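The values are calculated or read from the model by the stated rules, or taken from the named source; none is laboratory data. Only a predicted model underlies this, so the values are computations on that prediction, with no experimental measurement involved. Positions of Cβ are generated from backbone atoms using ideal geometry, with glycine treated the same way; all protein chains shown enter the neighbour counts. Quick note on the areas: whole protein, heavy atoms, side chains included, nothing else; ligands and nucleic acids left out. Shrake-Rupley method; radii C 1.70, N 1.55, O 1.52, S 1.80 Å.
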Amino acid sequence: MKNTIGREIPEDIIWYDEVINYSAPFSKEPVGRKIAPLLKQVKPNESKVVSSLEELIKKVGLKDGMTISFHHHFRNGDYILNNVIDTIAKMGLKDITIVPSSLSTIHESLVEHIKNGVITGIHTSGIRGRLAEEISNGLMEKPIVIRSHGGRARAIEAGEIKIDVAFLGAPSCDPYGNSRGKGENTICGSLGYSKVDAAYADQVVIITDDLVPYPNCPASISQTNVDYVIKVDAIGNPSGIASGATRFTKNPKELLIAQYASKLIVNSPYFKDGFSFQTGSGGSSLAVTRFLKEEMKDKNIKARFALGGITKPMVEMHEEGFIEQLFDVQSFDLVACESIIKNPNHHEIDASFYANPHNKGCIANQLDVVILSALEIDTNFHVNVITGSDGIIRGASGGHSDTAAASKLSIIVAPLIRGRIPTVVDQVNTIITPGETVDVLVTDRGIAINPRRKDLLEIFKNTDLPIFTIEELKEKAEKVVGKGRPIEYLERVVGIVEYRDGSIIDVIKQVK
Amino acid sequence: MNENKNIETILRAREKRYFYQKQLVKEYKKTLVALKLNIPGPKKDGELYREIFNNGLKLLKVSLNKAKIKMIFKEIWNKSTGSEAFIIVDTDAIKTKKICTEIEETDGLGRIYDFDVMDALGNSISRESIGKEQRKCFLCDKYVWVCSRTRAHSIDEMLTFIEKTAKAYFIKNKREEIKWQ
């Protein structure tokens with residue numbers, strides 16, 4: 001059955017009692033109450049510390065068919081997920097659903113555990129590498145579910161994802177469960193995604209390699225939410241968790257895109273004292289931050305806050321007084337990790353505060369400008385950040401659709417052509433972010449404003465910026481590299497793309 | 001009461017619904033079924049109402065499947081003015097209206113469902129055109145329009161009836177499901 005943006009959605013999907021098709025960004029209103037965590041008694045002399053993973057898994061009573069969660073703050077340096085799943089497999093458990101906040105290439109050993117029937121369900125924001133390829137080729141019986149960061153927080157609070165046990169890695173933790181993003185061996189900064197799991201899972205386990213004396217405060221995860229604590233040799237590879245510093249791009253294409261984007265922001269009605277913005281960690285996106293800073297210096301404008309995955313350039317702007325406050329759900333580099341600990345106005349926020357559409361107002365709603373990337377964008381401004389031009393899963397939903405819908409000005413930055421493949425196409429392979437929430441596309445060969453934004457079209461009518469229609473940009477790309485051949489898919493659905501409100505916006509099919 | 005506060009929103013939703021239905025029919029040139037609930041008063045959304053709505057939707061799907069009718073498009077609005085579904089089906093409007101009326105008349109919650117069928121030209125199909133009587137009131141045996149015009153029953157009376165009927169219905173359904181297993 002088709003949804004309002006023309007995507008064919010199956011009538012029955014195993015994970016849903018009632019499949020609700022996507023219809024519009026804010027058309028699905030919630031009803032009811034949040035789910036509540038379990039009551040529990042911990043007596044004065046009881047210890048939460050457990051000595052081995054096997055003992056821990058027995059203690060939490062993990063059984064076949066249960067759902068467990070993880071966070072992705074350790075990115076590609078994460079040891080926790082693999083270690084826990086290896087142990088579960090050794091203990092003979094089967095049919096486990098995992099709901100990590102995201103997955104990286106380091107998690108490719110999951111392929112074997114899926115083949116052996118240990119893992120039968122995956123809900124995540126992103127998925128990459130061999131695991132993603134195998135899933136695109138039909139590895140799993142049940143389709144994976146892709147959610148945005150805000151959508152995941154919403155689904156957990158609404159009880160749509162019921163977490164039996166949350167296995168949360170923490171760089172440091174005391175014997176009572178108070179956990180922080182910095183420890184003796186590793187540092188990850190914000191623990192924003194895991195805060196939601198800690199608050200709503202039936203049981204919460206902290207895995208650390210730095211067990212410190214009580215109390216380890218101020219804590220990201222509080223003792224009142226933690227059932228057990230375990231010390232292991234290593235929770236992750238520090239160099240995979242956070243790179244030294246996010247570097248500026250030297251790629252001329254990316255610099256040109258950044259220049260256009262920052263010019264666009266500066267000439268928009270949103271660029272004024274007290275504005276707010278979010279930029280990602282991609283090359284052009286980071287460069288926008290640098291160009292913006294120069295403009296802010298010139299015009300004596302300060303930002304009230306910056307949001308998102310926080311990077312070194314943002315921290316510098318904060319420390320130099322250009323950004324009053326930083327709101328950080330995920331610290332992208334070491335500079336950001338250190339900053340969140342030392343700078344009092346660099347705040348750690350959870351994923352619900354960040355972007356959940358069904359709490360009493362997320363911070364994304366207060367955002368003026370967001371810069372986002374795209375693998376593909378089509379002439380309806382629908383954006384794909386999950387499947388490559390070959391139809392294979394290789395990305396993440398992240399906060400893309402959340403911030404696009406919630407912000408006042410959403411700007412997509414992307415090169416017009418990548419390799420020999422056009423970025424602007426007739427129809428994207430997979431829709432993560434609906435076109436009605438995207439305002440502007442900035443490429444190295446020109447800018448396209450969404451015709452829905454008549455106000456912006458009017459403002460930029462007479463500027464020196466190279467403004468085109470999106471069809472014109474598409475034709476420009478096709479002139480250089482020709483039209484792409486459509487991908488051949490099989491009928492079988494391997495992935496479900498849930499919009500932030502829980503409706504189904506698209507599906508990913510098995511590649512031929 | 002907040003009766004008048006919501007009236008404008010409800011009227012606006014009604015207007016929006018009508019134009020949207022016309023637009024869908026124009027786009028697909030096929031029969032449209034719209035489902036909403038008959039809930040009197042200003043409060044038209046809540047957990048129980050959503051459960052009733054989903055049940056109506058489920059019954060519609062089952063009936064369409066049984067008749068081997070394909071659904072081409074589906075959209076659901078979950079709004080404070082009440083949930084609504086818009087479904088484009090690949091069959092003629094009279095047949096569809098008969099299926100919907102059958103649900104309205106046989107299911108325990110039938111009087112709460114409100115199925116609206118439009119043909120490919122955008123004309124609403126009335127119950128009379130398939131040889132059925134007009135709909136009766138929840139509480140008595142008079143026609144709906146008679147009771148609503150004379151305000152024969154209070155809103156509270158009707159809401160209490162809906163709540164009681166629905167709760168009893170779902171409890172019974174669950175019991176039957178358990179028996180089945």
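The table below gives the values:
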| quantity | calculated |
| --- | --- |
| Computed accessible area, A:Tyr214, all protein chains, 1.4 angstrom probe, square angstrom | 130 |
| For peptides B:167-176, A:357-366, sequence by mean Cβ density within 10 Å, most packed first | A:357-366, B:167-176 |
| Residue-averaged [θ]222 nm for chain A, counting only DSSP H segments that reach four residues, each worth -39500 (n - 2.57) | -7500 deg cm²/dmol |
| Under the span-like rule (Cα at least 18 Å along the axis, Kyte-Doolittle mean at least -1.0), DSSP H helices of chain A | A:252-266, A:283-299 |
| Segment B:1-119 - accessible surface per residue (Å², probe 1.4 Å) | 48 |
| Label-point separation, B:Lys16 to A:Glu112 (7 Å along Cα→Cβ), nm | 5.4 |
| Mean ellipticity per residue at 222 nm, deg cm²/dmol - from DSSP H runs of n ≥ 4 across chain B, formula -39500 (n - 2.57) | -16500 deg cm²/dmol |
| Per DSSP, loop GluC sites (Glu not before Pro) in segment A:132-214 with at most 12 further Cβ within 10 Å | A:Glu141, A:Glu184 |
| For segment A:79-210, alpha-carbon Rg and Dmax in angstrom | 14.9, 44 |
| Computed log₁₀ I(q)/I(0) - Debye formula, equal Cα scatterers, no solvent, segment B:45-181, q 0.14, 0.16, 0.21 Å⁻¹ | -0.76, -0.99, -1.48 |
| Histogram of C-alpha separations across segment A:143-258, 5 Å bin width, % | 2, 11, 18, 18, 15, 13, 9, 6, 5, 3, 0 |
| By average C-beta atoms within 10 angstrom, highest first, the peptides A:372-381, A:337-346 | A:372-381, A:337-346 |
| Accessible area buried between chains B and A, both sides summed, probe 1.4 Å, in Å² to nearest 100 | 1600 |
| Of all accessible heavy-atom area on chain A, the percent that carbon and sulfur account for (1.4 Å) | 48 |
| Peptide B:69-81, shielding by other chains (average Cβ, 10 Å cutoff) | 5 |
| Euclidean distance between Cα centres, segment A:173-211 to segment A:364-389, Å | 31 |
| Added length on full extension, which subtracts the Cα-Cα distance from 0.36 nm per residue, B:Glu102 to B:Phe161 | 19.1 nm |
| Heavy-atom surface of segment A:379-507, accessible at 1.4 Å and reported per residue (Å²) | 38 |
| Equivalent-ellipsoid semi-axes of the protein assembly as shown, from the Cα gyration tensor, Å, largest first | 44, 34, 25 |
| Inter-chain shielding of A:22-31 (mean C-beta neighbours from other protein chains, 10 Å cut-off) | 4 |
| Inter-site label distance for A:Trp15 and B:Thr91 at 7 Å from Cα along Cβ, in nm | 3.2 |
| Peptide ranges A:108-119, A:400-411 listed from the most packed, as the mean C-beta count within 10 angstrom indicates | A:400-411, A:108-119 |
| Additional length obtainable on full extension of the chain from A:Tyr214 to A:Lys479, 0.36 nm per residue less Cα span | 88.9 nm |
| Sequence-separation-based contact order of chain A, relative, with Cα cut under 8 Å and 6+ spacing, percent | 16 |
| Radius of gyration, Dmax [segment A:327-471; alpha carbons; angstrom] | 16.7, 48 |
| Selection from A:Gly399, A:Thr87, A:Asn185 lying farthest towards where the dipole of chain A points positive, charges on Cβ | A:Gly399 |
